[in-house]
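The values are calculated or read from the model by the stated rules, or taken from the named source; none is laboratory data. Everything quoted here is computed from the prediction, not taken from an experiment. Cβ coordinates were reconstructed from backbone atoms using ideal geometry, including for glycine residues, and neighbour counts include every protein chain displayed.
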Amino acid sequence: MPAPGPRNLITDVAGLQVGHATDEAVRTGVTVLLCAGGWTAAVDIRGGGPATRETDALALENLVGQAHAICLSGGSVFGLAAADGVTAALSARDEGLRLSPVTPAIPIVPAASLHDLANGGDKAWGLEPPYRRLGLSAVEAASVDFALGAVGAGRGAMAGTRPGGTGSASLDLGEGLIIGALAAVNPVGSAYAEDGRSFLAAPYELNGEFGGRGLSAQPFDGAPIPPLTKLAPGLGVQPRTNTTLCVIAVSVELTRPECKRIAMMAQDSLARAIRPAHTPFDGDIVFCVAKGPPLSLDGPRGRSIAVIGSAAADTLARAIARGVYAAEATEAG
């Protein structure tokens, strides 16, 4: 039976590392996924106001279609500078494209940022926002083991009216096929069910990974907007101030269109783990990276991609809940 990998992290997909850098004074941070040697990559953007960099390089009609790292950050448009630090650090390691022997290595580092500017941290940074520095530090911190919760890109995040955070999960489908997910969770909607304690993603929980609280004992009341969201009356939600940033990783060789389809299918996880999802106020984005041996699932290849995409959506729903669950200590403190 499918089960989480040994770490239950995206780094159960071999060849990946994740690094966090957190600035407690600013209440923000950066999370970087290092894809050693360059991985096939695609992206699906569902948000009306995304803050992104280098996503056009992953478009199917364009040349590159690979990533040496994925950079997630707080800071809205300021946070995109984190990719500067990641790019410089990787190039110094000779990681990236080589178009000429006399030029520096050129890392492809697609990036996305969430809005955490109004979370009470010290944002009086003048002409020196901290994000390039945090990007450099995140690369140095990269490892196969990393923390979840109010760290890295999820440090200043809010999931509705409760703390958001950085989450991750994995699923081992057997025969070397592993799906990993990483998420920085900052939606308008809530990750909690009607009782304010159980998680919407509870049907997908494995081994009590986000508290084993089960399904909500309070029945669905039909209200389209739950009380724990930023859309609740009197909260004054502002457009383009929320998003959930996600990465799916797959341990087999896939084409760019296949990565795109998996990223599209994985967007369903937001509707499973967050309510409401994909609102006009969210800038949701899912990257998909893949590298490994040829795909060997039985049956037509299209069926195999459907299986992987469905597993990716389940795994990402778990990662979202794990990030919020791990961040609960921030609220308690």
If you scan segment 61-79, which residues turn out to be surrounded by 18 or more Cβ atoms within 10 Å (Cβ to Cβ), farther than 21 Å from L117 by Cα and aliphatic (A, V, I, L, M)? A67, A69, I70
Within segment 69-104, considering residues that are in contact with a His (Cβ under 9 Å, 6 or more places away or on another chain) and part of a loop (DSSP other than H, G, I, E, B), the one nearest to G164 (Cα to Cα): G74
Mind listing whichever residues of segment 42-60 are buried (at least 24 other Cβ atoms within 10 Å of the Cβ) and over 14 Å from the mean Cα position of the chain (by Cα)? L58
Report whether or not A82 is touching a Lys or Arg at 6+ places or on another chain (Cβ under 8 Å), under 16 Å from A141 (Cβ atoms) and of a type in the set (A, V, I, L, M). yes
Looking only at segment 80-99, decide whether some residue is buried (at least 24 other Cβ atoms within 10 Å of the Cβ) and under 25 Å from G309 (Cα atoms). no
Given the structure, is A169 on the phi < 0 side of the Ramachandran plot, at pLDDT 95 or above and small (G, A, S)? yes
Residues to consider are R322, R256; find the one that is under 25 Å from L80 (Cβ atoms), modelled with pLDDT of 95 or more, surrounded by 16 or more Cβ atoms within 10 Å (Cβ to Cβ) and touching a strand residue (DSSP E or B) at 6+ places or on another chain (Cβ under 9 Å). R256
Take the residues in segment 272-309 that are within 17 Å of the chain's Cα centre (by Cα) and of a type in the set (G, A, S); name whichever of them is farthest from L72 (Cα to Cα). G309
Exactly one of G222, G180, G214, G196 is farther than 21 Å from Y325 by Cα and of a type outside the set (S, T, N, Q), and that residue is G222
From the options I305, I262, residue that is farther than 30 Å from P227 by Cα and surrounded by 24 or more Cβ atoms within 10 Å (Cβ to Cβ): I262
Can you tell me which residues in segment 277-294 are surrounded by fewer than 24 Cβ atoms within 10 Å (Cβ to Cβ) and either in a strand (DSSP E or B) or without any contact (Cβ under 8 Å) to a residue 60 or more places away in the chain (or both)? P294
Pick from segment 137-166, criterion surrounded by fewer than 20 Cβ atoms within 10 Å (Cβ to Cβ) and at pLDDT 95 or above, ranking: farthest from M1 (Cα to Cα): E140
Any chance you could count how many residues in segment 1-41 are more than 18 Å from the chain's Cα centre (by Cα), part of a loop (DSSP other than H, G, I, E, B) and buried (at least 21 other Cβ atoms within 10 Å of the Cβ)? 1
